[in-house]
Amino acid sequence: MLFNRLGLKPLHKTTKKTGYSTDVNVLIELAKQHDLPKRMLDYRKLQKLKSTYVDALPKLVNRRTGRVHTSYNQAVATTGRLSSTDPNLQNIPIRTEEGSQIRKAFIPTDEHYKLLTADYSQIELRILAHFAEEQPLIESFGNGEDIHKRTASEVFGVDLSAVTPDMRRVAKTANFAVIYGVTAFGLSQQSEMTVSEAKEFIDIYFKRYPMIRAFIGDTIAKARQQGYVTTLFGRRRYLPEIDSKNAALRQFAERTAVNTVIQGTAADMIKIAMIEIDRQMQEMKSKMILQVHDELVFDTHLPEMEDLRRLVRDTMEGCVSLTVPITVDMGMGNNWLESK
């Protein structure tokens, strides 16, 4: 239909070389030429939401409690993050309009309760600023500025007031991608830049933030010297592939070294906060019911709402002292979507 009847140009063949690929990346490119590939992408997206969540979650409801209960694993994710299984509630969508509607199904106990969410704000970038001692980032966080807007201003060489939404979007993508060793090609895939534009962006980014490049280099060098890296709290991750003769394995280990220090520290922080919050909630009717990486969700008894908000904020923001302020975004609602 796509290539024979509509005459769209195939991009590449399947791995078995027996036909033309119609994977997601191919359909995204073909959608620029015709409406049908876009409709196919929409159908696949809805079908995945239906099969993964709408059809599957009701079958996992516990007969005794009438609720869905996930299991958290402490020693599966190598960065130290908790992982969620049977069902995986950390993958409940939020970025798309259709996917986010599934969060409406997650509700508090009854009319005497509401869901409270607490989410670390840009925690990995704050940890990066702390480790790299990158002064512009430290100042920006200290002043409560929009960090992605500040990065766009620095890299594009324009005043903060002249930063457009497109510039900010590119800077946001880069802030999270560049620190984990993304290549120019990788950044171009995540943005609307060409490979040459992405390369220039990365070069300018590191000129503006030289301490970040130094931090990345020092982390990789230390990993090579010691054979492991540590989080801010001293938790180790060993990286035997850091000296591999296989370039792909070696480069993956280098990216993992940086990722572990930053994301691993964030994982340690929220687990420390969870332990302390749980300790102080023992006499409350409210319950901590979900952890999604940098976010905690509470089934909150309304008379306890203000006390719990204060407890959660103070504990999450006070679990460690960084050179930049730690901030927590909080929300409340009658379902998980509404509380974000």
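Every number in this text was worked out from the coordinates using simple rules, so none of it is lab data. Quick caveat, the model's predicted, so the values are computed rather than measured. Backbone-built Cβ (ideal geometry, glycine too); neighbour counts: all protein chains shown.
Things to note:
- Sparsely packed GluC sites (Glu not before Pro) within the stretch 165-207, loop by DSSP, other Cβ within 10 Å at most 13: Glu192
- Between Leu115, Leu36, Leu49, the residue with the greatest mean-square fluctuation in the GNM of the chain (Cα pairs under 10 Å linked by springs) is Leu36.
- Net dipole in debye of the stretch 1-54 [+1 Lys, Arg Cβ; -1 Asp, Glu Cβ; about Cα centre; nearest 20]: 120
- Of Ile242, Ile275, Ile216, the one that fluctuates the most in a GNM where the chain has Cα springs shorter than 10 Å: Ile275
- Loop-located GluC sites (Glu not before Pro) in the stretch 56-139 (DSSP state other than H, G, I, E, B) with a sparse environment of at most 16 neighbouring Cβ atoms within 10 Å: Glu111, Glu133.
- Karplus 3J(HN,Hα) series, Hz, for the stretch 80-86 with 6.51 cos²θ - 1.76 cosθ + 1.60 (x for Gly, Pro): x, 5, 6, 10, 10, 9, 6
- Residues whose placed amide H lies under 5 Å from that of Ser83, excluding near-sequence neighbours: Asn73, Val76, Ala77
- Here the Karplus curve 6.51 cos²θ - 1.76 cosθ + 1.60, taken at θ = phi - 60°, turns the phi angles of the stretch 110-122 into couplings of 6, 5, 8, 10, 9, 7, 10, 10, 9, 10, 4, 7, 6 Hz, with x standing for Gly and Pro.
- 3J(HN,Hα) from dihedral phi, the stretch 332-340, Karplus parametrisation 6.51/-1.76/1.60, rounded to Hz, x for glycine, proline: 9, x, 8, 7, 5, 5, 5, 7, 7
- About the centre of its Cα atoms, the chain shows a dipole size close to 1620 debye [charges on the beta carbon of Lys, Arg (+1) and Asp, Glu (-1) only; nearest 20 debye].
- When the chain is treated as a Gaussian network with alpha carbon springs shorter than 10 Å, the biggest mean-square fluctuation among Arg255, Arg44, Arg309 belongs to Arg44.
- Inter-centroid distance (Cα atoms) of the stretch 227-262 relative to the stretch 80-138, Å: 25
- Amide H contacts of Val68 (H built 1.01 Å from N, in plane; Pro and chain starts excluded): Asn62 sit under 5 Å, all sequence-distant by 5 or more or on other chains.
- When the helices of the chain are scored as -39500 (n - 2.57) per DSSP H run of n ≥ 4 and the total is divided over every residue, the value at 222 nm lands at -14500 deg cm²/dmol.
- Charge-dipole axis of the stretch 134-255 as Lys and Arg at +1 and Asp and Glu at -1 on Cβ define it, positive-most pick from Thr151, Tyr180, Ser196: Tyr180
- Cut-off under 5 Å, modelled amide H: who pairs with Ile289 long-range: Val297, Phe298, Asp299
- Answer label, with Cα extents along the principal axes in Å calculated from the coordinates and candidates [x] 103, 40, 30; [y] 113, 62, 23; [z] 63, 51, 47: [z]
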